[in-house]
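The values are calculated or read from the model by the stated rules, or taken from the named source; none is laboratory data. Not measured: the values here are computed from a predicted model. Cβ coordinates were reconstructed from backbone atoms using ideal geometry, including for glycine residues, and neighbour counts include every protein chain displayed.
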Amino acid sequence: MTKLNELADNAGAHKKRMRVGRGPGSGKGKTAGRGVKGQTSRTGHGMNAFEGGQMPLHMRMPKRGFNNPDALVFAEVNIWRIVKAVEAGKLDAKKPIDAAALKAAGVIRRERDGVKLLGQGELSLKLDITAYSATAGALKIIEAAGGKVTLTKKVDVAVEG
C-alpha cells in the first residue's frame, strides 16, 4: 500500500513547458524559435486564411442567399401550446391573452417582434387572443370555438392620387 508522501505521477505524465526568450543557454533564446524578421516573427500576425497569395478558399466559394437585416422575427405559438397552458392553470381563458400573458405563463421565452399564432392543435375553449399575426388555419380554429383574435399587424394601404 502506497503512502501519501510517496504518491507521484506516472513517468512522462507531465512535460515541462518550454520557456522561450530566456537567454542562449535555454536553446530557445533571442528569437524564441520564431526565426528572423517577417510577419510570423511578430506578435498578433493574421495568417488564418492566407494561402501564400493564392485566392483563399473562403473567397473561392460562391456566395449563396441573402440575409435581410430588416426581417421581423416572431415568437411562434401553436394553439395546442396555449390550450396546454390553460389546462395547467398558467393562463386564464376568461382574460385576454397577449404577448405579456404568454411570456408570464412560460409559453414563449421572449416577445421578439411580435407573436404569430400557428394552427396546430384542437380548441374547445373560447379565447380572446391579441397577436401580431396569425395563420388562416389558426384564425379558423379560434373563431370556430367562439373565440376572437385581434391582429396588431400594420397593413400598408397604397393611396391613389
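Details
- Hits in segment 98-138 - residues which are of a type outside the set (Gly, Ala, Ser) and farther than 12 Å from residue 82 by Cβ: 103, 109, 110, 111, 112, 113, 116, 126, 130, 132, 135
- Taken together, the residues in segment 111-143 that are among the acidic types (Asp, Glu) and either assigned to a helix (DSSP H, G or I) or more than 23 Å from residue 72 (Cα to Cα) (or both) amount to 3.
Matching residues to (1) in contact with a Ser or Thr (Cβ under 9 Å, 6 or more places away or on another chain); (2) of a type in the set (Gly, Ala, Ser); (3) at pLDDT 95 or above; (4) loosely packed, with under 10 Cβ neighbours inside 10 Å:
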| residue | (1), (2), (3), (4) |
| --- | --- |
| 19 | yes, no, no, no |
| 28 | no, no, no, no |
| 38 | no, yes, no, yes |
| 49 | no, yes, no, yes |
| 58 | no, no, no, yes |
| 72 | no, no, no, no |
| 76 | no, no, yes, no |
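- Residue tally, condition of a type in the set (D, E, K, R) and part of a strand (DSSP E or B), over segment 68-110: 1
- Near pairs, Cβ below 8 angstrom, 6+ apart or cross-chain, from segment 30-42 (touching a residue at least 40 places away in the same chain (Cβ under 8 Å)) to any residue that is among the acidic types (Asp, Glu): none
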